[in-house]
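Every read-out reported here was derived from the displayed coordinates using simple, explicitly stated rules and does not represent laboratory data. Since this is a predicted model, take the numbers as computed values, not measurements. Ideal geometry is used to build each Cβ from the backbone, glycine not excepted, and the neighbour counts take in all protein chains shown.
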Amino acid sequence: MSEEVAPTDGIEIRSITEGELGAWGDAVSRGFQRAGMPEALEFRRLRNYPGRTLGAFERDKIVGTLRSFPNELTVPGGALLPVSAISGVTVRQTHRRRGLLNRMMARELAGARERGEAAAILVAAEYGIYRRYGFGPATRADGLVVNLHHAEGLRADLPESAGRLDLVSMAELAKYGPELHECWRRSRPGAIGRDEAFWREATGTIEMPGPERKEPFAVVHRDAGGTVTGLLVYSVTDQWDGPNPDCVLTVHDFLALDTVTAVALWRYACSMDWVRSVSIASLAPDDPLPLLLNNPRAARPHPEQWDHTWLRVLDVPAAFGARTYAGPGRVVLDVTDRQGYASGRWLLQADVTGAGTAEPTSEEPDLAIDAAVLGSLYLGAESATRLAAAAQLTELRPGAAFATDRLLGTPLKAYNPDTF
Ligand SMILES: CC(=O)SCCNC(=O)CCNC(=O)[C@H](O)C(C)(C)COP(=O)(O)OP(=O)(O)OC[C@H]1O[C@@H](n2cnc3c(N)ncnc32)[C@H](O)[C@@H]1OP(=O)(O)O
């Protein structure tokens, strides 16, 4: 496993004390080019776990930051995998490219492995940073913009809800949202848990830096029995084309437990007076929304479609034993890992029930990959066939990439709506 390099520059990497939280948050703001807009102290407190908020200290000055918090990642089949969620990664502008991130990341990954977290996840500010630490893009956020003029509404043959929609306050959203999300997240590989910090920020009881917050609207769907089965959080621009309304409805959060609920919520959004387009910045790549419209061509890719959550496998047997598989099969992976956590030859095999294991083996390998590619394959975000075509992995036996896809393929695309 990778060891932290002995410091030669007098800069010490250590976890901060509670009393240093304010200065640590200021350092994060500075590193993110947001001087003067510190992250709310309350938010920082809620995401501060003993030993997991790191600072790079030059004497008493914080010149580097990285924090992680425990989370659970839904894996194919619905199990929840313990993961380390990393965020707040910054190095002071005057101290960059001297290896401080290398040192903070080495410490964090070693800590995560010790705590028994089978993988680490993060949302990368820039594409080029994290592959060297074994992270690969593992979910996508493929939003849509629906032009309502072209859409011609939702299809008339869709199932109608026997339930109802209710506009709710932020306080009610804080009450209904967590339970609904707990249910929803088990159905989508790539989803993560939402903690108190998430809901406090989403419902406005923690003031975050940035432009003044306009309270969004929230609507919940209840089924005929009164159970909340979906929510839509949105805002509407005040935009006019001369005397004619030309508003955009922007979706901030959308959760639906079933098709009837999704139809009811999308019908509501797509038939709003004054609204000419619906913009959803983050949606699962295989979300059925375009197919609900009379004209699916009206749903165009959102300009911000991107690789969203990056994943780094830390414990191969635990991670691959937790997920399920598309069918029976076996494949031997030869994994190269600079930090060592996933290095070696692994026999990945699954039986007819979809249960599978990853075990060390001395058998001849079928595929040669690096740890970042393992991260991209884990939730099924990328196919081995595509990665082979992109020269990101090497097939050592003809047909091995296809065999890997038959094993790792998932019926639902990995998706995580939450940036952290
Ligand atoms: C999960 C999150 O929080 S994402 C947020 C990431 N933070 C930011 O983008 C804020 C602005 N940037 C920064 O604060 C810093 O530049 C950081 C944190 C990205 C990098 O910190 P540094 O201490 O400069 O990195 P360090 O010197 O350890 O470099 C490590 C390696 O990453 C590379 N690297 C560092 N930053 C970048 C980058 N932005 N793009 C590509 N490569 C990078 C370095 O070249 C080096 O490569 P090598 O090991 O092959 O020689």
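Tell me, what ³J(HN,Hα) does each residue in the stretch 9-21 have, in order and in whole Hz, if you take phi through Karplus 6.51 cos²θ - 1.76 cosθ + 1.60 with θ = phi - 60° and put x for Gly and Pro?
3J(HN,Hα) across the stretch 9-21, in whole Hz: 10, x, 9, 9, 9, 8, 6, 7, 8, 3, x, 8, 4.
Give the long-range amide H neighbours of Phe57: residues separated by 5 or more places, or on another chain, with amide H under 5 Å away, using H modelled in the peptide plane at 1.01 Å from N.
The list, which skips near neighbours in sequence, is Glu12, Ile13, Arg14, Val63.
State, to one decimal in nm, how far the label point of Arg386 lies from the label point of Lys175, with both points 7 Å from Cα in the Cβ direction.
Reported label-point gap for Arg386 and Lys175 is 4.3 nm.
Which of the aspartates and glutamates could a cross-linker bridge to Lys61, judged by Cα under 20 Å and excluding same-chain residues fewer than eight apart?
Hits, sequence-local ones excluded: Asp9, Glu12, Glu18, Glu20, Asp26, Glu39.
In whole angstrom, note down how far apart the Cα centers of the stretch 286-353 and the stretch 371-420 are.
Their Cα centres are 6 Å away from one another.
Counting other C-beta atoms within 10 Å, and keeping those with at most 14, which DSSP coil chymotrypsin sites (Phe, Trp or Tyr not before Pro) do you find in the stretch 84-171? It would help to have the intermediate numbers written out before the result.
Numbers: sites: Tyr127, Tyr130, Tyr133, Phe135; in loops: Tyr127, Tyr130, Phe135.
Here the chymotrypsin sites (Phe, Trp or Tyr not before Pro) that fit, given the DSSP loop and packing criteria, are Tyr127.
Can you compute the radius of gyration and Dmax for the chain, using only the Cα atoms, both in Å?
Calculated on Cα positions, Rg and Dmax stand at 22.9, 73 Å.
For Gln33 and Ala156 in the same chain, what is the full-extension length gain: residue separation times 0.36 nm, less their Cα-Cα distance, in nm?
Values: separation 123, 0.36 × 123 = 44.28 nm, distance 4.90 nm.
Working it through step by step, the gained length comes to 39.4 nm.
In the stretch 204-263, which trypsin sites (Lys or Arg not before Pro) are in a loop and have at most 13 other Cβ atoms within 10 Å, using DSSP for the loop call?
Details: sites: Arg213, Lys214, Arg222; in loops: Arg213, Lys214.
Passing sites in the stretch 204-263 are Arg213, Lys214.
What trypsin sites (Lys or Arg not before Pro) in the stretch 251-356 are in a loop by DSSP, with at most 14 other Cβ atoms within 10 Å of the Cβ? Walk me through the numbers on the way to the answer.
Numbers: sites: Arg267, Arg276, Arg297, Arg312, Arg323, Arg330, Arg338, Arg345; in loops: Arg323, Arg338.
Qualifying residues, ordered by number: Arg338.
Distance between the C-alpha centers of the stretch 221-264 and the stretch 92-170? Whole Å please.
22 Å
Please enumerate, by chain and number, the aspartates and glutamates with C-alpha under 18 Å from the C-alpha of Lys175, excluding those fewer than 8 residues away in the same chain.
In chain and number order, the partners are Asp166, Asp195, Glu196, Glu201, Glu215, Asp223, Asp253.
Would you please calculate the Kirkwood hydrodynamic radius of the stretch 234-384 over all C-alpha pairs and express it in Å, rounded to one decimal?
Averaging 1/r across every pair of different Cα atoms and inverting gives 19.0 Å.
Kirkwood Rh, the stretch 11-117, all Cα pairs: how many Å? The partial results should precede the final answer.
Working: mean 1/r = 0.0698 Å⁻¹.
Evaluated over the stretch 11-117, this radius sits at 14.3 Å.
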